[in-house]
Amino acid sequence: MNIPLAIVTGGSSNIGWACVQRLAVDHRVLIADLRPPAGALPPQVQYRALDITDSVACAQLMADAAGDDGLAVLVHSAAITAPARPIEQILADEWRRLIEVNLTGAFLVAQAAIPALRRARGCAVMIASRAGRTGYAALNATPAGTKAHYAASKAALLSLVKSLAIELAPDGVRVNAVVPGSIEGQMIPRERWPEMAARIPLGRLGTPDEVAAAVHWLCSVDAGYVTGHALDVNGGTWMS
């Protein structure tokens, strides 16, 4: 019996690593990231170096990994951030780099995965951000710096998910997004966690495992009629 394949970009740390561990229960998992995880790999997990802004490398990885069976699950978690600063202080090169990684990288990964997803009638989940909903990062709605480039990249990612969902629906491929709020991990300095928790309706930051649980559900048969959806995991800090 063939065990279905899941590929997780940015799977070496934080939310991506939590997704790897959750998916490894019922999938073979390939981590595609610039660097390998710090710890030992669980059973059924492998690592391959990938620069998601390299279209040739993305295509080669999908061709090598998926084979004739195709790709059951794609989780795209790879992304970067930048310091918060006013828009007038953001350098053009910093804007271009962040958009290149967070948006163009997502496009290249998805584009390369489409044939393999079609073969397996698989599903994809893109990790977005509450910043893409609100136009500002973290809980800082302030003119002092919104991380406009980060927020814009994540808002565009939500639109890309809808486009992919529409185009791939006839092939039985589902595409969704998970939209985390403030999550424990390297993107938020630990000294800020108590202050931020006090401003979150549920009174705490989320955990990478809670985001991974949402990803796993969207990839399961229980979500078989869900596509083009953005599932918010934010403790109540943004409600549609």
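Think of segment 14-61 as having a plus end and a minus end, set by charges on the Cβ of Lys, Arg, Asp and Glu; of Ser55, Cys19, Ala40, Ala40 sits farthest toward the positive end of this dipole.
Taking 0.36 nm per intervening residue step and subtracting the Cα-Cα distance, what contour gain separates Leu91 from Ala63 on full extension? Present the calculation step by step, with values, prior to reporting the outcome.
Values: separation 28, 0.36 × 28 = 10.08 nm, distance 3.66 nm.
Length difference between fully extended and current span is 6.4 nm.
With the dipole of the chain worked out from charges on the C-beta (+1 for Lys and Arg, -1 for Asp and Glu) around the Cα centre, which of Leu5, Ala144, Ala112 lies farthest toward the positive end? Going by the charge dipole, the pick is Ala144. In this simple spin-label model, placing a label point 7 Å from the Cα along the Cα-to-Cβ direction at both Glu100 and Glu191 gives a separation of 3.2 nm. Amide hydrogen proximity for Gly11: with H placed 1.01 Å from N in the peptide plane, the residues at 5 or more positions away or on another chain lying under 5 Å are Ala32. Report summary: the helix-based calculation at 222 nm, which adds -39500 (n - 2.57) for every DSSP H run with n ≥ 4 and divides by the residues of the chain, gives -11000 deg cm²/dmol. Hey, how many Å between the Cα centroid of segment 118-137 and the Cα centroid of segment 139-157? Each part's Cα centre sits 16 Å from the other's. The residues Cys19, Cys58, Cys219, when put in order of fewest to most other Cβ atoms within 10 Å, stand as Cys58, Cys219, Cys19. With the alpha-carbon atoms of segment 42-187 aligned to their principal axes, the span from lowest to highest coordinate is 51, 30, 29 Å, starting with the largest. In a reduced charge model with +1 at each Lys and Arg Cβ and -1 at each Asp and Glu Cβ, the chain shows a dipole moment near 360 debye about its Cα centre.
Can you tell me how much longer the chain between Ser159 and Ala198 gets when fully stretched, taken as 0.36 nm per residue apart minus their C-alpha distance, in nm with one decimal? Present the calculation step by step, with values, prior to reporting the outcome.
Working: separation 39, 0.36 × 39 = 14.04 nm, distance 3.13 nm.
Working it through step by step, the gained length comes to 10.9 nm.
Going highest first, how would you order 2-15, 106-119 by mean Cβ packing within 10 Å? Write out the running numbers ahead of the final one.
Working: 2-15: 23.2, 106-119: 20.6.
In decreasing order of mean packing, 2-15, 106-119 become 2-15, 106-119.
Taking R0 as 22 Å, what FRET efficiency do you get between Ala169 and Ser220 from their Cβ-Cβ distance, rounded to the nearest 0.05?
Values: r = 18 Å, r/R0 = 0.81.
In this case the efficiency is close to 0.75.
Bear in mind that the values in this text are calculations on the coordinates, not laboratory data. From a predicted model like this one, the values you see are computed outputs, not experimental measurements. Counting neighbours? That spans all protein chains shown, and the Cβs are built from the backbone with ideal geometry, glycine included.
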